[in-house]
Structures are given as structure tokens and as C-alpha cells.
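Peer 1: I have a structure here, written as C-alpha cells, and I will follow up with some questions on it.
The values are calculated or read from the model by the stated rules, or taken from the named source; none is laboratory data. These numbers come from a predicted model, not from an experiment. FYI the Cβ positions are ideal-geometry reconstructions off the backbone, even for glycines, and counts take in every protein chain you see. Ligands, DNA and RNA are excluded from the accessible area calculation, which covers all protein heavy atoms including side chains. Shrake-Rupley method; radii C 1.70, N 1.55, O 1.52, S 1.80 Å.
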Amino acid sequence: MKRILMILLAALGIVGAGAVAAVIFLDINLKEVIAQEEKEPTAEELAARSFSMEPLTTNLTSENYAVVQLNLLADSEKSYKELEVRTPELKAIVISTLAGLSRDDLKGSEGLTNFAKTIQAEANKILHDGQVERVLITDFKIQ
């Protein structure tokens, strides 16, 4: 039993020494690594990745029509540029999604949240360089 305990302590010591050596020899600044992981993007960084679509009007499955404007937050400036290029595809996604919904499907915050999640998932399917992190509904009317 003592022998197993000694082997286990020796193994832990070797692993610990290896970790310390890696930090020293690779010149890893642990504070910087932790700070980078916890860093929230600034307002300017978010604005640089925020793609605003023009208002779209389309019929719903009910006798109503919807007017919607969306803001898509890309995960990088590269994916933002791809969103700009794929604007016609994004419009088609929004129109076809709305055309399959009724007024009741879009009722309340739950309906709008589901709509935004659907748009996000469909937009991410067409993107090659990055993803849409969030979809904001900036204008919404049903008539």
C-alpha cells in the first residue's frame, strides 16, 4: 500500500514539475490567457460585426403580413463581410421563414425568440467563414 502511495505521489510531482516547466519555458503569461478568455467585446467591436438588414415585408400564412427588420451579429469581421455579400440569400431566408408562420406563431416574446433562432440557424447554414452569434429583431409589425 505504501509503495502505491509513493508511486502516486512521485507521478503527481512529475506532472506538477512538467506544468511549471511548460509555463516557464514557453513563457506563458497565465494572467493574459485568463484575461483574454474573459474579455468582453467593446461596443466598437460589436458595431464592426453588426449587420443590419433593411426592413422586409411579406405575407404570413394567416391573412396578415409582417414587416420585420433584423440585425445579425457576426462572430468576426470576416463573417460580417460574408453577410454583406449574401444579403439576397438572407432576405430569402427571412421571407420564406415568415411565409411559413402565422400571426399566432409570432405572438409574444417566445414566438419572436423562436423566429430569431430559426433565422440564426438558417443563416449559419449558408455561411462558410464564421457564424451568426445572435439575431436581434429591431423592428417588427404585423398587420
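Peer 1: Would you confirm whether or not segment 77-86 contains a residue that is aliphatic (A, V, I, L, M), in contact with a Leu (Cβ under 9 Å, 6 or more places away or on another chain) and surrounded by fewer than 18 Cβ atoms within 10 Å (Cβ to Cβ)?
Peer 2: Among the residues of segment 77-86, not one is aliphatic (A, V, I, L, M), in contact with a Leu (Cβ under 9 Å, 6 or more places away or on another chain) and surrounded by fewer than 18 Cβ atoms within 10 Å (Cβ to Cβ), which makes the answer no.
Peer 1: Can you name the number of the only condition in (1) touching a helix residue (DSSP H, G or I) at 6+ places or on another chain (Cβ under 6 Å); (2) at pLDDT below 90; (3) not acidic (Asp, Glu) that Thr97 fails?
Peer 2: The single condition Thr97 does not satisfy is (2).
Peer 1: To continue, here is another question. Suppose the filter is more than 30 Å from Glu77 (Cα to Cα), of a type outside the set (A, V, I, L, M, F, W, C), at pLDDT below 80 and exposed (fewer than 10 other Cβ atoms within 10 Å of the Cβ); does Lys2 pass it?
Peer 2: Yes.
Peer 1: Glu32 - would you say it is at pLDDT below 70, closer than 30 Å to Val132 by Cα and not polar (S, T, N, Q)?
Peer 2: It is true that Glu32 is at pLDDT below 70, closer than 30 Å to Val132 by Cα and not polar (S, T, N, Q).
Peer 1: Looking at Thr138, is it over 23 Å from Ala47 (Cβ atoms), β-branched (Val, Ile, Thr) and surrounded by fewer than 18 Cβ atoms within 10 Å (Cβ to Cβ)?
Peer 2: Answer is no for this residue.
Peer 1: Condition first: touching a residue at least 12 places away in the same chain (Cβ under 8 Å), open to solvent by 70 Å² or more (accessible area, probe 1.4 Å) and not in a helix (DSSP H, G or I). Now tell me which residues in segment 97-134 satisfy that.
Peer 2: Scanning segment 97-134 gives Arg103, His128, Gln131, Glu133, Arg134.
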